[in-house]
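The values are calculated or read from the model by the stated rules, or taken from the named source; none is laboratory data. Worth saying up front: this structure is predicted, and the values here are computed from it rather than measured. Neighbour counts run over all protein chains shown; Cβ positions are idealised from the backbone, glycine included. What goes into the accessible areas is simple: the full protein's heavy atoms, side chains included, and nothing from ligands, DNA or RNA. Shrake-Rupley method; radii C 1.70, N 1.55, O 1.52, S 1.80 Å.
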Amino acid sequence: MKLRIPYFDYNATTPVDEEVLQAMLPYFSQSFGNASSYLHSYGKEAAYAVDAARSAVSNLINCVPEELVFTSGATESINLALRGLAESYVKKGQHIITAATEHKAVLDTCASLTKKGISSTILSSNSDGSIDLQELEDAIQPSTIAIAIMYANNETGVLHPVSAISAIARKHGVLFFCDATQAAGKIPVDLIRDGIDIMAFSSHKLYGPKGCGALYVRRKDPRVKLTEQITGGGHESNRRSGTLNVPGIVGFGKAAEICIKQLVSDSERTQRLKAKFEEAVCQATGATINGNPSLRLPNTSNLCFHLPNGSAFVNDLNKLMAVSSGSACSTAKAEASHVLDAMGLNQSQIKSSVRFSFGRYSTEEEVLYAIDAIGTTAAQHR
Ligand SMILES: *Cc1c(COP(=O)(O)O)cnc(C)c1O
């Protein structure tokens, strides 16, 4: 049997935690009821399980369960948020502010909304991946509906100052939408403290199953209005129709529960592994860190190796370990990272850049192996 290579791509997706899988299994063929079939015990059983999961997921981000809408993942949540806000607040205005380093799910949705008369301002990025808060405030117009800025960047791990952004949004009466897909489960996300109005995140980035996500929609101060994008039976309080993915939601709930318990220990451990990894790799290869070194997710390391043929290096590296280059999220096209481009890296530097993302099952042994393998491979490509 072929040995599995070490996995350093936790920001792309995570394995389902064994405990999560066990929690999900009964909901496929035994407790298979439709959570909307509340008249009989099958439906009630499913509905109870969904309620429990909704509570668990709301505990992860400190909101009330009724503020959560279950979706098929962060991409759908982002589409529901941006399209739903654009439709609900069309009388207030037709302008959205976002940033060049956002995920394609946000940028492409904003671009698509342009066809419907919603314009967007795309904030530039500083070389360390941060945004300029003055530029943000200056971009606000009377017709601005929302600011869409992510919590943590998926490629570099760079954290944005969400409390400062929400203060600016509040001051100008603009809503703050946040893509927290990389933050939820990795660092404390607290909606009371953070002041976010609407927030997307996903189960498969926090050791739950794929095909399940959530959108938090603030219920008061202010109550966020959202036009549903998928119509039908009126599920999820008329915000997202369609029979609920009960096993997925149960798994998402269990995954959230485990993240709450292990958040501190998991993040301290990945932070330690990352620090050791970066120190050794940068020392051995002359690689530099992309993104503000101190304002980053604990698990994410995006390094530029400054090699003449970066693509060949990344291909060789991926025979030895699972890592990501540029944008793994744009499936079909192998286009260069728009995030690193926005940060001012040139094409050669972008091709020489690799994202290593660690997680719950990363081991010291794997990191030591990686340090060694990267050193050898980089030397071959010098
Ligand atoms: C993975 C990711 C998404 C997309 O999430 P899916 O659940 O896979 O649709 C969106 N935004 C960020 C920041 C991500 O990392």
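What to note about this one:
- If the condition is being away from the ligand (no atom under 15 Å from the Cβ), polar (S, T, N, Q) and in contact (Cβ under 8 Å) with a residue 60 or more places away in the chain, then segment 126-153 contributes 126, 127, 130.
- Every condition in (1) closer than 16 Å to residue 75 by Cα; (2) more than 15 Å from the ligand (Cβ to nearest atom) is met by residue 213 except one, and the failing one is (2).
- Exactly one residue out of 51, 17 is under 25 Å from residue 358 (Cα atoms), at pLDDT 95 or above and away from the ligand (no atom under 16 Å from the Cβ), and it is 17.
- Test: residue 313 is farther than 24 Å from residue 106 by Cβ, within 17 Å of the chain's Cα centre (by Cα) and modelled with pLDDT of 95 or more: no
- Residue tally, condition farther than 18 Å from residue 291 by Cβ, in a helix (DSSP H, G or I) and in contact with a strand residue (DSSP E or B) (Cβ under 9 Å, 6 or more places away or on another chain), over segment 339-366: 1
- Any pair with Cβ under 9 angstrom, 6 or more apart, that starts in segment 271-285 at a residue that is touching a residue at least 60 places away in the same chain (Cβ under 8 Å) and ends at one that is open to solvent by 30 Å² or more (accessible area, probe 1.4 Å) and not in a helix (DSSP H, G or I): 273/363; 285/306; 285/382
- Against the criterion of being without any contact (Cβ under 8 Å) to a residue 12 or more places away in the chain and under 19 Å from residue 349 (Cβ atoms), residue 292 does not qualify.
- Number of residues in segment 160-216 that are free of Cβ contacts under 8 Å to residues at least 12 places away in the same chain and either open to solvent by less than 10 Å² (accessible area, probe 1.4 Å) or in a strand (DSSP E or B) (or both): the value is 0.
- Taken residue by residue, segment 193-203 has at least one member that is within 15 Å of the ligand (Cβ to nearest atom) and farther than 26 Å from residue 47 by Cα.
- Residue match in segment 162-179 (condition: within 14 Å of the ligand (Cβ to nearest atom), in contact with a His (Cβ under 7 Å, 6 or more places away or on another chain) and closer than 19 Å to residue 62 by Cβ): yes
Yes/no per residue for (1) closer than 19 Å to residue 204 by Cβ; (2) touching a helix residue (DSSP H, G or I) at 6+ places or on another chain (Cβ under 8 Å):
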position	(1), (2)
14	yes, yes
30	no, no
34	no, yes
39	no, no
47	no, no
50	yes, yes
74	yes, yes
84	no, no
108	no, no
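- Qualifying position, being of a type in the set (S, T, N, Q) and under 19 Å from the mean Cα position of the chain (by Cα), among 349, 283, 380, 271: 271
- Filter result (open to solvent by 10 Å² or more (accessible area, probe 1.4 Å) and among the acidic types (Asp, Glu)) within segment 65-117: 66, 67, 76, 87, 108
- If you go through segment 235-274 and keep only what is among the hydroxyl-bearing types (Ser, Thr, Tyr) and surrounded by fewer than 19 Cβ atoms within 10 Å (Cβ to Cβ), you end up with 237, 241, 243, 265, 267.
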